[in-house]
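Trainee: Before we start, here is the structure in question, set down as structure tokens.
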Amino acid sequence: MAPGFDGGSRATGGNAPSYPGKLTPYVIITVLAGAAGGLIFGFDLGISGGVTSMAPFLQKFFPEVYEKEHADTSTNQYCKFDSQKLQLFTSSLYLAALVASFIAAAVTKKFGRRISMMIAGFIFLIGAALTGAAVHIAMLIGGRLLLGVGVGFANQSVPLYLSEMSPYNYRGRFNVCFQLMVTVGILCANVINYFTAKISGGWGWRVSLGLAGVPALIILIASFCLSDTPNSMIQRGKETEAKALLKRIRGVNNVDAEFNDMVAAKNEANLVKNPMQNLLNKRCYRPQLTMTILIPFFQQFTGINVITFYAPVLFKSLGFKDDASLMSAVITGVVNMFATGVSIYGCDRWGRRSLFLEGGVQMFVFQVIIAALIGWKFGVSGNVANIQTWFAALVVGCICVYVAGFAWSWGPLGWLYPSEIFPLEIRSAAQSVTVAVNMVFTFIVGQCFLTMLCAMKYGLFIFFAFFVAVMTVFCYFFMPETKNIPIEEMTQVWRSHWFWKRFMNDPNDPVNMAVGMSRLDDADDRV
């Protein structure tokens with residue numbers, strides 16, 4: 001334990017002294033540049049739905065969907081866009097990201113967070129060029145797969161980078177900048193789609209897809225200018241450089257306490273020879289493994305990707321005209337971006353847990369309201385001749401409140417919380433599991449949404465509301481608070497939690513054996 005730092009009392013709610021340091025311009029610039037990695041994920045999330053609602057794009061690559069849409073003279077709004085092939089265009093990216101996340105874990109650990117970010121930007125740039133220039137479906141899907149590799153590397157490395165680089169008492173708001181950049185990317189994509197859909201000649205979709213190269217260039221250039229994190233440098237044996245960097249980013253010379261804790265964490269990490277196997281098998285990592293799996297699972301089953309992937313298609317299916325559907329997507333994108341600012345302000349003040357709980361309740365209530373409105377207007381048949389302006393505005397308004405609830409809770413915190421709870425010895429492996437689970441269920445939702453909308457009608461929103469209710473109850477009972485706790489002291493959170501502490505006292509764990517359980521005993525004495 002570092003001199004002067006009472007990790008046990010901090011974890012259990014006491015007032016402990018902190019590491020010395022201040023918020024320096026260097027760390028602000030570095031963190032904001034690193035957070036730009038979220039742009040590529042957000043841009044792709046936003047661009048796909050708009051492009052798949054453009055008639056020239058459908059005519060070229062998915063003619064059966066275009067013909068079905070125009071040949072179907074019925075007013076059934078639920079099933080017009082049901083196509084496995086169209087859904088594969090959107091969701092194929094996430095399969096590639098799933099595979100890439102495990103490769104990225106090894107790269108991130110061996111070569112550092114910065115190199116993974118550099119690879120993410122480079123591969124995403126190539127994918128953007130391929131999709132923008134695509135002349136047949138194979139080229140289009142191939143480009144999407146490369147985009148997915150870029151997303152997998154970015155989502156693996158950026159949250160870790162932000163959590164490790166930030167001062168512990170600013171870690172939440174800086175890490176949420178990743179999600180802020182995701183929302184900026186979504187909004188930019190929605191605005192671009194709105195204008196490129198108006199380009200005469202039917203090639204506007206190429207502009208939309210090709211402009212994904214811009215966020216790719218931003219993260220690529222930023223990664224060349226960034227330093228790696230002190231934690232990663234120490235892990236790779238660069239302790240002298242790490243200490244010098246730590247002094248620079250903390251703005252003080254007295255960094256011995258924090259540096260010594262990082263070195264101790266590295267020494268403990270070296271006792272773990274197979275991080276992934278230990279994460280999956282060791283009882284002492286059961287709390288982190290549970291969160292690693294359930295948080296990204298619940299994040300995707302909030303139903304947010306129903307809005308993000310297919311916002312224009314969804315609004316169009318609800319009877320909005322082409323321009324209105326794209327503009328509605330822009331409106332929700334604006335709400336998403338500004339509501340994320342609430343999380344930046346509040347996650348280190350109010351705590352992660354309170355935002356998770358409030359956001360869950362808000363999403364549940366408004367998903368039920370949306371389901372009731374759509375069920376009332378469309379029924380089970382989905383047949384409606386005209387959509388009144390007041391009804392359209394009401395649906396968009398309710399969706400905006402739902403999006404706001406996600407944007408200041410499960411959106412940013414779904415990435416922040418997992419990235420800060422892992423001890424160094426399993427951090428890279430655990431983050432790859434977080435990304436992999438996220439991508440698996442992003443793929444499932446993306447691949448199945450239009451089919452589920454056709455089959456379940458307005459009940460689809462009730463389906464997602466059920467999972468929101470379950471995850472909110474889970475958070476209430478099993479999620480400990482992590483605000484203002486140094487990342488190297490996070491183990492104390494689990495040791496003091498009413499449920500998880502039963503998993504943390506395994507004397508056969510190599511780390512516990514090495515320290516003789518002294519930290520646990522000290523923490524128990526303080527409690």
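Trainee: Regarding residue 163, is this residue surrounded by 24 or more Cβ atoms within 10 Å (Cβ to Cβ) and small (Gly, Ala, Ser)?
Mentor: The answer is yes for residue 163.
Trainee: Go over the candidates 157, 166 one by one and state the one that is under 22 Å from residue 109 (Cβ atoms), modelled with pLDDT under 85, touching a Lys or Arg at 6+ places or on another chain (Cβ under 9 Å) and not acidic (Asp, Glu).
Mentor: Testing whether each residue is under 22 Å from residue 109 (Cβ atoms), modelled with pLDDT under 85, touching a Lys or Arg at 6+ places or on another chain (Cβ under 9 Å) and not acidic (Asp, Glu) leaves just 166.
Trainee: Okay, next question. Testing residue 243 on (1) farther than 30 Å from residue 44 by Cβ; (2) part of a loop (DSSP other than H, G, I, E, B); (3) open to solvent by 30 Å² or more (accessible area, probe 1.4 Å), one condition comes back false. Which one is that?
Mentor: Checking residue 243 against (1) farther than 30 Å from residue 44 by Cβ; (2) part of a loop (DSSP other than H, G, I, E, B); (3) open to solvent by 30 Å² or more (accessible area, probe 1.4 Å), the one that fails is (2).
Trainee: Could you give every pair whose Cβ atoms fall below 7 Å, whose first residue belongs to the stretch 260-276 and is within 16 Å of residue 431 (Cβ to Cβ) and part of a loop (DSSP other than H, G, I, E, B), and whose second residue is polar (S, T, N, Q) and open to solvent by less than 30 Å² (accessible area, probe 1.4 Å), counting only separations of at least 6 or pairs across chains?
Mentor: These pairs meet every condition: 272/278.
Trainee: Sticking with this one: If a residue has to be among the basic types (Lys, Arg) and either outside any helix (DSSP H, G or I) or at pLDDT 95 or above (or both) to count, how many in the stretch 473-499 make the cut?
Mentor: 1
Trainee: Suppose we keep only residues that are buried (at least 16 other Cβ atoms within 10 Å of the Cβ), among the aromatic types (Phe, Trp, Tyr) and at pLDDT 80 or above within the stretch 69-111. Which one would you say is farthest from residue 151 (Cα to Cα)?
Mentor: 102
Trainee: Please state which of the following conditions residue 134 fails to meet, knowing it meets all the rest: (1) aliphatic (A, V, I, L, M); (2) within 19 Å of residue 47 (Cβ to Cβ); (3) in a helix (DSSP H, G or I); (4) at pLDDT 90 or above.
Mentor: Exception for residue 134: condition (3).
Trainee: Output the qualifying pairs, or none if there are none: Cβ atoms under 8 angstrom, residues six or more apart or on different chains, first residue in the stretch 126-155 and touching a residue at least 12 places away in the same chain (Cβ under 8 Å), second residue among the acidic types (Asp, Glu).
Mentor: 147/44; 151/44
Trainee: May I pose another question? What number of residues within the stretch 447-472 are more than 25 Å from residue 89 (Cβ to Cβ) and part of a helix (DSSP H, G or I)?
Mentor: Residues in the stretch 447-472 being more than 25 Å from residue 89 (Cβ to Cβ) and part of a helix (DSSP H, G or I): 10 in total.
Trainee: Which of the residues spanning the stretch 199-216 are open to solvent by 80 Å² or more (accessible area, probe 1.4 Å) and touching a residue at least 60 places away in the same chain (Cβ under 8 Å)?
Mentor: Within the stretch 199-216, just 203 meets the criteria.
Trainee: Right, another one. Here are 440, 433: which of them is in a helix (DSSP H, G or I), more than 15 Å from residue 371 (Cβ to Cβ) and in contact with a Ser or Thr (Cβ under 6 Å, 6 or more places away or on another chain)?
Mentor: Of the residues listed, the single one that is in a helix (DSSP H, G or I), more than 15 Å from residue 371 (Cβ to Cβ) and in contact with a Ser or Thr (Cβ under 6 Å, 6 or more places away or on another chain) is 433.
Trainee: Sticking with this structure for a sec: Whether any residue in the stretch 270-281 is at pLDDT below 85 and on the phi > 0 side of the Ramachandran plot is what I want to check.
Mentor: No.
The values are calculated or read from the model by the stated rules, or taken from the named source; none is laboratory data. Values in this document were obtained by computation on a predicted structure and should not be read as measured data. Positions of Cβ are generated from backbone atoms using ideal geometry, with glycine treated the same way; all protein chains shown enter the neighbour counts. For accessibility, only protein heavy atoms count, side chains too; no ligands or nucleic acids. Shrake-Rupley method; radii C 1.70, N 1.55, O 1.52, S 1.80 Å.
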